[in-house]
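Let me begin by presenting the structure, written as structure tokens, before commenting on it.
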Amino acid sequence: MPVLTVSNLYKRFNLEAGFFSRFGRFVNAVNDISFSIGKNEAYGLVGESGCGKTTTARMLVRMYEADSGEILFYYGDETLAVSSLRKEVLRQYREKVRYVFQDPAKSLNPRMNVYEVLVSGCRKPLRKRGVSEKELRQKASGILQEVGLQEGDLEKRPSEFSGGQRQRISIARSLLMEPEVLICDEVVSALDVSIQGQILNLLLDIRKKRNISFLFIAHDLKVACYFCDRIGVMYKGELMEEAPASDLYREGLHPYTKLLFSSASGVSKEFSAQPQSLNRMSGKERKENTGGGGCSFAARCPNAIQQCLNEHPGLEKIKDGHLIRCFNYAASELSSDNS
């Protein structure tokens, strides 16, 4: 049973900003994305910067409003359509689906001490539930220790901590309302490798102890494979491949997936640049502008055939749990075996 499902999600932004900018030129940040997150499952969205993974994550908590598509949250016997939630119900939903940002230095108020950072956003709803200030402080202290810090740290300010410690504070803040889902947006990308491992292991411990589901956003495919159960690989707003993490690590088939793995390993691969004319166009727009549907990765792909330039591939199932958006993934597999 899933805890969260995303179906045919779209989001586009105007390419130009400002009062006098022209309207009508758009970039498709998210282009028909669908996936689900199961109970106590970690689902990863992986891709280069600008591929749309953070936009997708922010639509799940309504920081951005989706242009179309559906987000469903399953809580107990209820099914909530997230786009239709308002006021109190939306606030309650955001208590259950919490967002942990990439840069804790920007997301933690430097004027507050750690205790106020943790409780300022949830004091009012917890008071309504009969939680006293003393009980709230005890709760904050317990969660702070759960993430590896000390009770005495409640009186300190965020500036007194290292980057890894500040990220622990961000995680503690997200746990205070006992969420069902944690959205972790590049939470280890700005940290040293040794600290990355500590934070990932902390999240694994939290998941095991609290039975929480995760949406894990990353650009490093190897990090995502370590933490996640299933992974969706995004490129220019689309899912190019989705598979269990163990399968993707052993046999990622899409050429773009292979490019991400080689980049994480420090191995250079010669992939041509993507022409701006195809940059994140929808399938319909590609057809209107190029005379064909066109795969968004075709101009960079070493295995592209004429069909890739003329037709837009769908996300097809090749075996249980493994989906791929590619006409010619067999050539990618062959080239990998011969290398």
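Below are the figures for this structure:
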{"quantity": "Whole-angstrom gap from the range 118-180 to the range 205-240, using each part's C-alpha centre", "calculated": "25"}
{"quantity": "Residue with peak Gaussian network fluctuation, the chain [Cα springs, cutoff 10 Å], from 62, 86, 157", "calculated": "86"}
{"quantity": "Principal axis dimensions, the range 221-265 - Cα atoms, whole angstrom, descending", "calculated": "24, 20, 16"}
{"quantity": "Antiparallel DSSP beta bridges within the chain, percent to nearest 5", "calculated": "60"}
{"quantity": "Stretchable slack from residue 320 to residue 7, in nm (0.36 nm times residue separation minus alpha-carbon distance)", "calculated": "110.8 nm"}
{"quantity": "Accessible area per residue in Å² at 1.4 Å probe, computed on the range 50-112", "calculated": "55"}
{"quantity": "For the range 176-184, 3J(HN,Hα) per residue [Karplus equation, 6.51 cos²θ - 1.76 cosθ + 1.60, θ = phi - 60°, Hz, x = Gly/Pro]", "calculated": "4, 8, 6, x, 8, 9, 10, 9, 9"}
{"quantity": "Per-residue HN-Hα couplings for the range 190-201 [Karplus 6.51, -1.76, 1.60; θ = phi - 60°; Hz; x = Gly/Pro]", "calculated": "8, 9, 4, 4, 5, 6, 3, x, 5, 5, 4, 5"}
{"quantity": "Estimated FRET transfer efficiency when R0 is 22 angstrom, pair residue 128-residue 189 (beta carbons, to 0.05)", "calculated": "0.05"}
{"quantity": "With every protein chain in place, the chain: carbon and sulfur % of accessible area (1.4 Å)", "calculated": "48"}
{"quantity": "Selected from 69, 50, 130 as most flexible by GNM, with the chain as the system and alpha-carbon contacts under 10 Å", "calculated": "130"}
{"quantity": "Degrees, to the nearest 10: 87-96 long Cα axis against longest axis of the chain", "calculated": "90"}
{"quantity": "Amide H within-cut-off set for residue 29, under 5 Å, with H built and near neighbours excluded", "calculated": "11, 12, 13"}
{"quantity": "Zone of residue 63's modelled label, taken as backbone nitrogen in the range 144-168 under 18 Å from a point 7 Å along Cα→Cβ", "calculated": "166-168"}
{"quantity": "When each of 96/139; 134/209; 134/156; 39/96; 39/208 is checked by Cα-Cα distance, pairs over 21 Å", "calculated": "134/209"}
{"quantity": "Too-long pairs where the Cα-Cα distance tops 29 Å, listed order kept, from 53/258; 258/319; 106/258", "calculated": "106/258"}
{"quantity": "Cα shape, the range 18-123, gyration tensor, a/c 1.5 rule", "calculated": "oblate"}
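The values are calculated or read from the model by the stated rules, or taken from the named source; none is laboratory data. All of these numbers come straight from a predicted model, not from anything done at the bench. When we count neighbours, we look across all protein chains shown, and the Cβ atoms used for this are built from the backbone with ideal geometry, even at glycine. To get the accessible areas, we keep the full protein, side chains included, count just its heavy atoms, and leave off ligands, DNA and RNA. Shrake-Rupley method; radii C 1.70, N 1.55, O 1.52, S 1.80 Å.
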